[in-house]
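The values are calculated or read from the model by the stated rules, or taken from the named source; none is laboratory data. Computed from a prediction, not measured in an experiment: that's the story for all the values here. Note that we place each Cβ from the backbone using ideal geometry, even for glycine, and neighbour counts take in every protein chain shown. Remember, those area values only see protein heavy atoms, side chains included, never the ligands or the DNA or RNA. Shrake-Rupley method; radii C 1.70, N 1.55, O 1.52, S 1.80 Å.
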Amino acid sequence: VSDVTIRPGQPDEIDLFVRSVARAFNWMPKPADLELDRLLLEPERTLLAEDGADVVGTAAIFSLTMTMPGLVSTPIAGITAVGVAPTHRRQGVLTALMHRQLDDLAEREAVAVLLASEPVIYGRFGYGLATRRMSVHASRRGSTLRPELPTGGATVRQAEPDAVGQDLAAVYDRACADRVGFWARDDRWWRHRLHDPPEDRDGYQPLLAAVADVAGEPAGYALYSAKPNWDDDAVPAGSIRVRELVALSVPAHTALWRYLTALDLIEDITVWNLAPDDPLPLLVANTRQLRARVTDYFWTRVVRVGDALSTRRYARPLDVVLDVVDPLRPDNQRCWRLSGDPTGASCQPTTATADLEVDVRALGGAYLGGTTLLSLAEAGMVVENTPGALVEVSSAFREPREPFAPMGF
Ligand SMILES: CC(C)(COP(=O)(O)OP(=O)(O)OC[C@H]1O[C@@H](n2cnc3c(N)ncnc32)[C@H](O)[C@@H]1OP(=O)(O)O)[C@@H](O)C(=O)NCCC(=O)NCCS
């Protein structure tokens with residue numbers, strides 16, 4: 001790695017940057033992908049690692065706003081486009097990029113969030129597993145809703161997504177204000193969400209929207225596509241896959257699932273991005289046949305402990321001294337007195353004796369209120385010095401609903 005240098009990208013280098021990322025992911029960007037990336041990437045927040053004239057590593061930051069515990073809308077660094085050329089792997093290029101990126105972003109954001117291509121990669125840089133997603137693959141048998149489920153309250157209309165863009169955005173914005181982990185979407189990100197080039201459809205038809213209205217107002221939507229099919233005996237064997245489903249109320253949520261699971265000629269349904277506490281497994285009659293699976297989703301890094309912990313709110317009053325272990329960021333590695341409640345918080349350096357010793361990965365894991373400090377302690381990342389402190393602090397960090405967003409970056 002001694003010959004490799006790292007520098008921020010220039011505005012005219014986005015295509016070079018994207019092609020380099022793509023090589024690391026065994027993928028070739030198409031013109032439509034490049035166009036989208038030019039819209040979304042912030043050149044001054046990209047990093048290129050170079051060996052001579054060759055780009056051998058990349059990383060970038062999206063400047064995003066995420067809803068934090070207490071429903072506080074907070075700037076975060078959305079980490080993306082991390083890759084190292086196959087010729088230069090396991091020589092420390094990623095390590096150099098991550099260190100530089102943490103230094104850069106610490107000047108702007110207190111928290112960084114990413115999705116990992118592989119969960120083994122980012123723990124070493126202080127990221128902790130903060131949210132999970134549930135994927136579902138159900139046959140018709142597994143997706144039949146409970147017969148006594150109430151039907152009233154919402155109507156569903158089908159549309160092309162672009163024709164109902166305002167309805168989708170209105171629903172999303174309200175959901176974003178109400179759910180920890182959602183991050184704000186502007187027009188550019190909506191373009192990304194609805195990006196549907198024919199060559200990426202894998203035999204599915206163009207994306208469709210189903211919008212649920214309650215009392216004349218859009219209260220939920222699903223984005224989905226269908227693949228019509230019949231088997232050799234001419235039995236209908238179509239599939240649908242749901243790209244995203246967001247609902248603001250129980251009637252809207254139920255109506256959308258009723259619509260999706262009752263489509264004629266469809267035999268199976270796939271959705272990969274439900275919140276792990278989405279009620280779908282409780283809506284269906286044969287929950288085991290739903291075949292739901294929960295995996296890691298957002299990884300969170302507390303970059304500036306004092307600012308990060310005083311920005312979010314806490315479910316119940318707490319007053320605790322945390323001894324934070326963060327070898328990578330010496331400013332964080334010390335004792336902090338954290339006091340807070342549902343209305344506000346403060347987090348200051350202290351010389352008092354610690355109640356809990358907390359690895360910075362655990363702090364990131366618990367930050368959004370999903371992963372509990374209790375389970376992180378059982379995983380060896382938190383040590384309790386003051387009996388009783390762990391349960392108390394763990395429940396203060398915890399959110400009633402799982403933090404979630406239906407899309408990464
Ligand atoms: C993941 C990737 C960026 C790692 O880059 P790299 O330059 O090889 O990483 P480094 O040499 O800095 O490795 C740092 C440490 O992480 C380990 N590591 C890195 N990637 C790993 C992986 N995919 N699996 C297991 N261990 C990995 C290394 O072994 C090394 O461990 P050590 O410190 O104990 O020696 C690179 O393999 C890559 O581009 N993969 C394909 C694209 C991708 O998955 N990008 C991540 C997107 S989220």
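What are the residues in the range 1-32 that are over 22 Å from Glu118 (Cα atoms) and within 16 Å of the ligand (Cβ to nearest atom), if any? Can you show your working first?
To start, the set of residues in the range 1-32 that are over 22 Å from Glu118 (Cα atoms) comprises 1-16, 30-32.
Val1, Ser2, Asp3, Val4, Thr5, Ile6 - these are the residues of the range 1-32 that are over 22 Å from Glu118 (Cα atoms) and within 16 Å of the ligand (Cβ to nearest atom).
So that you can scan it fast, the table gives a plain yes or no per residue for (1) of a type in the set (A, V, I, L, M, F, W, C); (2) part of a helix (DSSP H, G or I); (3) near the ligand (Cβ under 8 Å from one of its atoms):
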site: Thr74; (1), (2), (3): no, no, no
site: Gln91; (1), (2), (3): no, no, yes
site: Leu94; (1), (2), (3): yes, yes, yes
site: Asp103; (1), (2), (3): no, yes, no
site: Arg108; (1), (2), (3): no, no, no
site: Val113; (1), (2), (3): yes, no, no
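Condition first: within 12 Å of the ligand (Cβ to nearest atom) and either in contact with a Pro (Cβ under 6 Å, 6 or more places away or on another chain) or small (Gly, Ala, Ser) (or both). Now tell me which residues in the range 46-72 satisfy that. Listed by number, the residues that qualify are Ala49, Gly57, Ala59, Ala60. Summed over the range 314-335, residues that are out of contact with any helix residue (DSSP H, G or I) (no Cβ under 6 Å at 6 or more places or on another chain) and either buried (at least 19 other Cβ atoms within 10 Å of the Cβ) or part of a strand (DSSP E or B) (or both) total 7.
All conditions in (1) touching a helix residue (DSSP H, G or I) at 6+ places or on another chain (Cβ under 8 Å); (2) under 28 Å from Arg179 (Cβ atoms); (3) in contact (Cβ under 8 Å) with a residue 60 or more places away in the chain; (4) surrounded by fewer than 19 Cβ atoms within 10 Å (Cβ to Cβ) hold for Pro279, with the sole exception of (3).
The residues of the range 372-383 that are out of contact with any strand residue (DSSP E or B) (no Cβ under 6 Å at 6 or more places or on another chain) and either under 18 Å from Ser339 (Cα atoms) or of a type outside the set (Asp, Glu) (or both), listed by number, are Thr372, Leu374, Ser375, Ala377, Ala379, Gly380. Against the list (1) aromatic (Phe, Trp, Tyr); (2) in contact (Cβ under 8 Å) with a residue 12 or more places away in the chain; (3) out of contact with any Phe, Trp or Tyr (no Cβ under 8 Å at 6 or more places or on another chain), the condition Phe62 fails is (3).
Here the condition is being in contact with a strand residue (DSSP E or B) (Cβ under 9 Å, 6 or more places away or on another chain), outside any loop (DSSP other than H, G, I, E, B) and open to solvent by less than 50 Å² (accessible area, probe 1.4 Å); of Gly408, Gly369, Gly365, it holds for Gly365 alone.
Looking only at residues in the range 282-310 that are among the small types (Gly, Ala, Ser) and in contact with a helix residue (DSSP H, G or I) (Cβ under 8 Å, 6 or more places away or on another chain), which one is farthest from Met66 (Cα to Cα)?
Residues of the range 282-310 among the small types (Gly, Ala, Ser): 285, 292, 306, 308, 310.
Now restrict to residues that are in contact with a helix residue (DSSP H, G or I) (Cβ under 8 Å, 6 or more places away or on another chain): 292, 308.
Working: Ala292: 27, Ala308: 13 Å.
My answer is Ala292.
Scanning the range 296-311 for residues that are open to solvent by 30 Å² or more (accessible area, probe 1.4 Å) and either among the polar types (S, T, N, Q) or assigned to a loop (DSSP other than H, G, I, E, B) (or both) yields Arg304, Ser310, Thr311.
On the basis of being closer than 13 Å to Ile61 by Cα and basic (Lys, Arg), does Arg179 make the cut? So Arg179 does not fit the description; no. When Val383 is tested against (1) touching a Cys at 6+ places or on another chain (Cβ under 9 Å); (2) open to solvent by 50 Å² or more (accessible area, probe 1.4 Å), only condition (1) is not met. Applying the condition of being open to solvent by 20 Å² or more (accessible area, probe 1.4 Å) and of a type outside the set (A, V, I, L, M) to the range 77-89 and asking which residue is farthest from the ligand (Cβ to nearest atom) yields Thr87. Scanning the range 5-15 for residues that are in contact with a strand residue (DSSP E or B) (Cβ under 9 Å, 6 or more places away or on another chain) and closer than 14 Å to Leu36 by Cα returns a single hit, Ile14.
Residue-wise test of (1) crowded, with 22+ Cβ neighbours inside 10 Å; (2) closer than 22 Å to Met28 by Cα.
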site	(1), (2)
Leu40	no, yes
Glu44	no, no
Asp54	no, yes
Gly57	yes, yes
Ser63	no, no
Met68	yes, no
Leu71	no, no
Pro75	no, no
